[in-house]
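Derivation of every value follows stated rules applied to the coordinates shown; laboratory data play no part. This is a predicted model, so every value here is computed, not measured. Please note: Cβ atoms are built from the backbone with ideal geometry, for glycine as well, and neighbour counts cover all protein chains shown.
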Amino acid sequence: MTEIAILEKIDWDFVEAETNTATNTFHPYPAKFIPPIPKHFIEHLSEPGDTVYEPFLGSGTTAVEANILGRNAIGNDVNELAVLISKVKTTPISMQRLRTLDSLLNKTYNKIYLLYSGKKNGIAKPDIINLDLWFKDFVINELVIIKEEIEELTDKNLRDFCLVALSGIIINVSNQDSDTRYVRVPKNINHFDTYDRFSKQINKLIKIMSASYKQLANGFSEFKVADTRIEGIFPENSANLAVTSPPYPNAYDYHLYHKYRLFWLGMNQYQLRKSEIGAHADYSRKNGPNEFDFMEDMEKCFLNTSKILKPCSYFVLVIGDSILKGRNIHNNEILKEAAKNTPFKFVTEFTRNLNLRKKSFNPKIGNIKTEKIVVFENLK
Ligand SMILES: C[S@@+](CC[C@H](N)C(=O)[O-])C[C@H]1O[C@@H](n2cnc3c(N)ncnc32)[C@H](O)[C@@H]1O
């Protein structure tokens, strides 16, 4: 039986237990993969020591699974935060070094305590647009102290690890409703809550890292902040397989959901706004882009991915439908159309029923119950 024939027999719906791996809860990320999807393709369509490419890196699910399975991972995303999360998730840090973070937490707590007991002078607020609308005053102070302490760390990997922990709590302690809803709502947050959530997040990430760090060392990773439509991000013929879930047109607004995370981390939100494919903010405009613009974007992605992949390797894309101006758009068909002017040949397609309770769905993309997994072969 060929590897593709084996893959055709898999039940892609997956029962809940299989989808809930710890590494996938490292940082919230809208529309992230469930790990078994990239895992099965990596296992069947690549060999240990090979390199797996992810052109829409997101939170690095493909990269983590590749490393765990002894493959190297390369990938890019226009979201700087995506690249940082992926880097931290795939960079092993020993328990011994992680334990040194106790001292960071103690120092942070003491500084916040001094502030509330009037023994510490005022805090300089960062220059972030509309900060006061989105964060309570004392939350800003606690976040500033946490960030200052993180920046004191001399070990870059530990610093990045803590920045991802900090990023993970930003939406919770802000007035933003949720990870996929950029609307202000009242929240009940008290003194020390921000510190407590940060401390809990650090301890959660330490647990995940200590469970996965030996396996992660099975492969190396390299990630870049780059737009997949631009040529030459990675050298030609540098990967043996690509597995991704591209952004759906009109579905999400990564530049909005992650806006205050990016600002707090000193990252470039405006660049993400300009380069994000599929943003609801663009597609919902009266004269905004349509499915043909999405097709053009994906054609560029196919052409560039074909160069990065070796001949005869596979490119797997997971995508659902979108609603554009009231019309139901079958994005899997758009991908097949886009691939026609490129070296990729359509091989097969699987349907996956979604567990609607779990997926972080944006109601704007409609009542979508299935996703398609579309497989192409690189006949360059
Ligand atoms: C559906 S998410 C990918 C999720 C990922 N598979 C995971 O498991 O976390 C799509 C990603 O595409 C990124 N993106 C949007 N436009 C892009 C572009 N022009 N070039 C590269 N990445 C882009 C978004 O920032 C987002 O991270």
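Before moving on, here are some points about what is shown:
- Amide H contacts of G320: K372, each under 5 Å away and 5 or more positions distant or on a separate chain (H built 1.01 Å from N in the peptide plane; Pro and chain starts excluded).
- For segment 95-214, the C-alpha radius of gyration sits at 1.09 times the compact-globule guess of 2.2 N^0.38 Å, with N the residue count.
- Between segment 82-125 and segment 126-166, the alpha-carbon center distance in angstrom: 9
- Restricting attention to the chain, close to 55% of DSSP beta bridges with both partner residues there are antiparallel.
- Listed peptides 154-161, 37-44 by packing density, highest first (mean Cβ within 10 Å): 37-44, 154-161
- Counting only the Cα atoms, the chain fills a convex hull of 137 Å³ per residue.
- In a simple Cβ point-charge model (Lys, Arg +1; Asp, Glu -1; nothing else charged), the chain has a dipole of about 920 debye relative to its Cα centre.
- In the chain, a dipole from Cβ-located charges (positive for Lys and Arg, negative for Asp and Glu) runs towards its positive end, and of T154, F315, P235 it is T154 whose Cα lies farthest in that direction.
- Cβ-Cβ distance of S117 and K187, R₀ of 22 Å, FRET efficiency by 1/(1 + (r/R0)^6): the value works out to about 0.30.
- Once C-alpha pairs closer than 8 Å and six or more residues apart are averaged by separation and normalised to the residue number of the chain, the relative contact order reads 20 percent.
- Using 0.36 nm per residue and subtracting the Cα-Cα separation, the extra length available between S210 and E231 on full extension is 3.8 nm.
- Sequence-ordered 3J(HN,Hα) estimates for segment 42-57 from the Karplus curve with 6.51, -1.76 and 1.60 and θ = phi - 60° stand at 5, 4, 8, 10, 8, 10, x, x, 6, 10, 10, 9, 10, x, 10, 3 Hz, glycine and proline given as x.
- Calculated FRET efficiency, E152 to H44, Cβ-Cβ distance, R0 = 35 Å: about 0.15 to the nearest 0.05.
- Taking S199, S306, S94 in turn, the Gaussian network model of the chain (Cα-Cα springs below 10 Å) assigns the largest fluctuation to S94.
- Panel values: segment 146-254, Kirkwood radius from alpha carbon pairs, Stokes-Einstein at 10 °C and 1.306 mPa s, translational diffusion coefficient 90 µm²/s.
- For the peptides 3-12, 121-130, the ranking by mean Cβ contacts within 10 Å, running from highest to lowest, is 3-12, 121-130.
- Straight-line reach from K125: taking Cα to Cα under 17 Å and skipping same-chain neighbours fewer than 8 places apart, the aspartates and glutamates in range are D137, E142, E148, E149, E151.
- Order by protection proxy (mean Cβ within 10 Å, highest first), peptides 49-57, 370-378: 49-57, 370-378
- Amide hydrogen neighbours beyond the local backbone of S221, cut-off 5 Å, H modeled: A73
- GNM on the chain, alpha-carbon springs under 10 angstrom: the most fluctuating residue among L143, L256, L104 is L104.
- Rounded to whole numbers, the Karplus 3J(HN,Hα) couplings from phi for segment 86-103 are 5, 4, 5, 5, 9, 9, x, 10, 6, 4, 4, 6, 5, 5, 5, 6, 4, 5 Hz, using 6.51 cos²θ - 1.76 cosθ + 1.60 with θ = phi - 60°, and x at Gly and Pro.
- Two-site FRET efficiency, K380 against R97, from Cβ-Cβ distance with R₀ of 45 Å, rounded to 0.05: 0.55
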